[in-house]
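This is the structure, below, for whatever I ask next.
Where a number appears in this text, it was derived from the coordinates with a stated rule and is not lab data. Since we're looking at a predicted model, the values are computed, not measured. For neighbour counting, all protein chains shown are included, and Cβ atoms are generated from backbone atoms with ideal geometry for every residue, glycine included.
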Amino acid sequence: MFRNSGGSAHVLPFVSHAIFLAAMLLAAFIAPASAQEKPKVRTITAFIRLDPAQYKQQVADTVAMLRNAKARYELAGYEAQTIRISTQPFPEYTRGMSRQAALAFFHDLDALAKQENVSIAIGPALMDEKDDPAQAELLGEILAPASHLYGSVVVAGSDGVHWKGVHAAASLMKYLEDHSDMGLGNFRFAAIANVPAYTPFYPAAYHQGQGHQFAIALESANVVAAVMAVQRDQEATRQALISELGMHARAVEDIASKIDQDTGWTYLGLDLSPAPMKTASIGSAIAGFTGKRFGTSGTLTAVATITSALRDISVKKVGYSGVMMPVLEDTRLAQLWGEGALSMDQLLAYSTVCGTGLDTIPLPGDVTVQQLERIVGDVATLSAKLSKPLSARLLPVPGAKPGDQTAFDDPNLVNTIIQPLP
């Protein structure tokens, strides 16, 4: 489950801090991609209004469309990494079911998703303060044994912070730490604040309409890295980002428009967030702009520059369309976290000029519900103050202490060293 850097081994053999950090350092400084290298399509996400009476046919029809769309992107040279489905908030379609019936339904839905190799976001358990907190408890029971289902709780909106939602989200995180394998149920859960419907990114994806729509998300940290590797002033960098990312965004949108015309599924837009993935690092990309490591002076300016460029790219936009800084999905950020050179307060500061809040943050296993509430509450408060989409995806590691190294056996995650809570 994790390795203690002090000497005792837990599940995996002992690896010293020096070897661990040296390996991460080597991976983190892979040369940036050529400006001509295309970004990947992180996901094609379809939105359906799920009906438990006919969900199998709905999923089959949706997967057929998604696979066709994936093939079209790959024919055009854009690798499509995942296909996903998102539903309306699940309490809307489990209304009237007993708890046991709802759990049985989601067990079958998860099995179907696994069989079809598609992920399914089942929407927020709580949308506002009048919703029943028992639905968040049910979401925990759904996600803990699942492998292909994702969910969320809304903790802030246009009406301000949802403090009942904050408490429910923190309690759910602790439940998933204790009841899912290595606590990884929390990878498939997020507390979301002011995140609009129809974002294609997980775990925040949901909708409240009639469905039969789709949206696209990019994995384009490599394009940002190539642009920022060339030393320019702030405005020249911004214009270069608009040009390079805009070229690919328009190409991706053109394909989506053709899918819309040919299939009858309505194209909603593109989440332009330059999502990283391991060595395609937003942390390394920003270091190219500042000339120093991510987190030093100039980092906030770099994040704001990327954000400004995204806003000026003329495509239909959905979701966050901001800078994503997921610690455990980015080799450089994971390394800096392990060195104690990156903190939650820094990430929240960068989120003021655009970001997703606190994403894939590893925490000690003895974190309390009250401590989780304070962290989620900070994200919700910042979101409410700035009226912007933020989220918190926190990963308490069962049994882990500060100084321990995580040992997630997951292709999406980079392992790092647990830091003490401030």
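Please give the number of the condition L386 fails out of (1) touching a residue at least 12 places away in the same chain (Cβ under 8 Å); (2) over 24 Å from G165 (Cβ atoms); (3) of a type outside the set (D, E, K, R); (4) surrounded by fewer than 24 Cβ atoms within 10 Å (Cβ to Cβ).
Only one criterion is unmet by L386, namely (2).
Which residues, taken from segment 268-285, are surrounded by 21 or more Cβ atoms within 10 Å (Cβ to Cβ) and touching a helix residue (DSSP H, G or I) at 6+ places or on another chain (Cβ under 7 Å)? Break it down into steps so the answer makes sense when it comes.
Narrowing segment 268-285 to residues surrounded by 21 or more Cβ atoms within 10 Å (Cβ to Cβ): 268, 270-276, 280-285.
Scanning segment 268-285 gives L270, L272, P274, A275, P276, A280, S281, I282, G283, S284, A285.
Does at least one position in segment 278-294 carry a residue that is under 19 Å from V41 (Cβ atoms), out of contact with any Lys or Arg (no Cβ under 8 Å at 6 or more places or on another chain) and not aliphatic (A, V, I, L, M)?
Checked against the condition, which is being under 19 Å from V41 (Cβ atoms), out of contact with any Lys or Arg (no Cβ under 8 Å at 6 or more places or on another chain) and not aliphatic (A, V, I, L, M), segment 278-294 yields at least one hit.
Next up: When A156 is evaluated against the numbered criteria (1) in contact with a Phe, Trp or Tyr (Cβ under 8 Å, 6 or more places away or on another chain); (2) not in a helix (DSSP H, G or I), which criterion, by number, is the only one it fails?
(1)
Could you tell me how many of the residues in segment 168-183 are farther than 17 Å from L358 by Cβ and assigned to a helix (DSSP H, G or I)?
Narrowing segment 168-183 to residues farther than 17 Å from L358 by Cβ: 168, 171, 175, 178-182.
Still in the list and also assigned to a helix (DSSP H, G or I): 168, 171, 175, 178-179, 181-182.
Residues that pass the stated criteria total 7.
Sticking with this one: Taking the criterion of being touching a Pro at 6+ places or on another chain (Cβ under 7 Å), acidic (D, E) and within 15 Å of M173 (Cα to Cα), would at least one residue in segment 363-371 satisfy it?
The answer is no, given that none of the residues of segment 363-371 is touching a Pro at 6+ places or on another chain (Cβ under 7 Å), acidic (D, E) and within 15 Å of M173 (Cα to Cα).
Continuing with this model, one more query. Can you tell me which residue within segment 52-95, out of those that are charged (D, E, K, R) and outside any helix (DSSP H, G or I), is farthest from A215 (Cα to Cα)?
R95
Which pairs do you get when a residue that is without any contact (Cβ under 8 Å) to a residue 24 or more places away in the chain, found in segment 35-60, comes within reach of a residue that is assigned to a strand (DSSP E or B) and crowded, with 24+ Cβ neighbours inside 10 Å, reach meaning Cβ atoms under 9 angstrom, with the pair 6+ apart or on two chains?
From residues that are without any contact (Cβ under 8 Å) to a residue 24 or more places away in the chain, the pairs are Q58/I85.
Given the conditions (1) outside any helix (DSSP H, G or I); (2) β-branched (V, I, T); (3) closer than 30 Å to D51 by Cα, report the number of the one that V230 does not fulfil.
Result: V230 fails condition (3) only.
Wholly within segment 292-371, which helices (runs of 4 or more DSSP H) include no fewer than the required count, namely at least 1 residues that are in contact with a strand residue (DSSP E or B) (Cβ under 7 Å, 6 or more places away or on another chain) and either of a type outside the set (D, E, K, R) or crowded, with 24+ Cβ neighbours inside 10 Å (or both)? If you could, list the steps in order and put the result at the bottom.
Details: elements: 299-311, 331-338, 344-351.
Helices (runs of 4 or more DSSP H) meeting the threshold: 331-338, 344-351.
Scan segment 203-227 for residues that are in a helix (DSSP H, G or I) and small (G, A, S) and report the count. Steps first, please.
From segment 203-227, those in a helix (DSSP H, G or I) are 221-227; that's our starting set.
This time we only want the ones that are small (G, A, S), so: 221, 225-226.
Number of matching residues: 3.
Now a separate question. Scan A221, A240 and give me the residue that is within 24 Å of S284 (Cβ to Cβ) and out of contact with any Pro (no Cβ under 9 Å at 6 or more places or on another chain). Before the answer, list the steps.
Details: A221 fails: out of contact with any Pro (no Cβ under 9 Å at 6 or more places or on another chain).
So the residue among A221, A240 that is within 24 Å of S284 (Cβ to Cβ) and out of contact with any Pro (no Cβ under 9 Å at 6 or more places or on another chain) is A240.
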